[in-house]
């Protein structure tokens, strides 16, 4: 799953973060540039992490731990998103209080004034701000099942928004497909937000009706997907065609095609593998079962992966399941 710029941060002891990165890089046999690509970050960000100018993201630490087989170092602290904002806000609030004797004015007075305006004028206005914007309600289809796979992979649902987070460099072409898919399904043009520092791209639809449709009709869930141990909805798993395209959406977002290298005596060999990673056990099991039912030979690894290891299975996967993500297609064909 792509590292989101609002992710948690890992606080190492002084010098420990640099050692963790360098030792892991040597174990993987990667250059700094190759490690940056693996973590979906820029070379500059990796350099800043090694200099300990900034703290590593929890997603990057867990990815390195999974790929190397190393345990996450002991004695670290995990900080929630925007922890620095709370600290800075507290300092700023103290400064404002010292200067003016109050922070943000009188909240009760503001609330009273707003209620007076609402009763007198606000509730009688025909203001489009208060109207819920509509969406097109599509029938269950292969396109809708692929959308579900994408949301289960790199998506998130809040009370008012559906967000899909991709890598702004590697998934640039794929983002065009996702935006077009949303337009075709729901008649809505998503908003697009970039964060160049973390190479993150958010495709956002701010519609409460879409949130309601996703949660009540499609079987998706709001909030933390890991805590809720999400799974593919039954209406998809019971339909073979739907399950195939849903799996495609999952692999296109949370899957990877990579080259496995090994040495026998003095000669190096390499071949491609496919991996799907998720912290949800039911979702991993469903991905495994769909692959199995389509004649593939998946393997459930200990590192929260479902893998296809043989050349024959990789070829069969792209013949049967396919991909809408040019990144995967290029890696497979090259």
Residues that are more than 22 Å from residue 323 (Cα to Cα) and touching a strand residue (DSSP E or B) at 6+ places or on another chain (Cβ under 8 Å): which helices (runs of 4 or more DSSP H) entirely in segment 112-219 hold 3 or more of them?
-> 208-216
Would you please name the residue that is nearest to residue 302 (Cα to Cα), looking only at residues in segment 42-81 that are touching a strand residue (DSSP E or B) at 6+ places or on another chain (Cβ under 7 Å) and assigned to a helix (DSSP H, G or I)?
-> 61
May I ask you to verify whether residue 303 is closer than 24 Å to residue 68 by Cβ and not assigned by TED's automatic domain parsing to the domain that holds residue 224?
-> yes
Quick one: which residue in 42, 36, 57 is under 25 Å from residue 254 (Cα atoms), free of Cβ contacts under 8 Å to residues at least 12 places away in the same chain, crowded, with 16+ Cβ neighbours inside 10 Å and not assigned by TED's automatic domain parsing to the domain that holds residue 198?
-> 36
Please find, within segment 319-334, the residue that is farthest from residue 260 (Cα to Cα) out of those that are in a helix (DSSP H, G or I) and under 23 Å from the mean Cα position of the chain (by Cα).
-> 326
Filter result for residue 299 (surrounded by 13 or more Cβ atoms within 10 Å (Cβ to Cβ) and within 23 Å of residue 151 (Cβ to Cβ)) | no
Leading residue by the ranking (surrounded by the fewest Cβ atoms within 10 Å (Cβ to Cβ)) among those in segment 268-291 that are touching a residue at least 12 places away in the same chain (Cβ under 8 Å) and part of a strand (DSSP E or B) = 271
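The values are calculated or read from the model by the stated rules, or taken from the named source; none is laboratory data. Just so it is clear, the model here is predicted, and its values are computed rather than measured. Please note: Cβ atoms are built from the backbone with ideal geometry, for glycine as well, and neighbour counts cover all protein chains shown.
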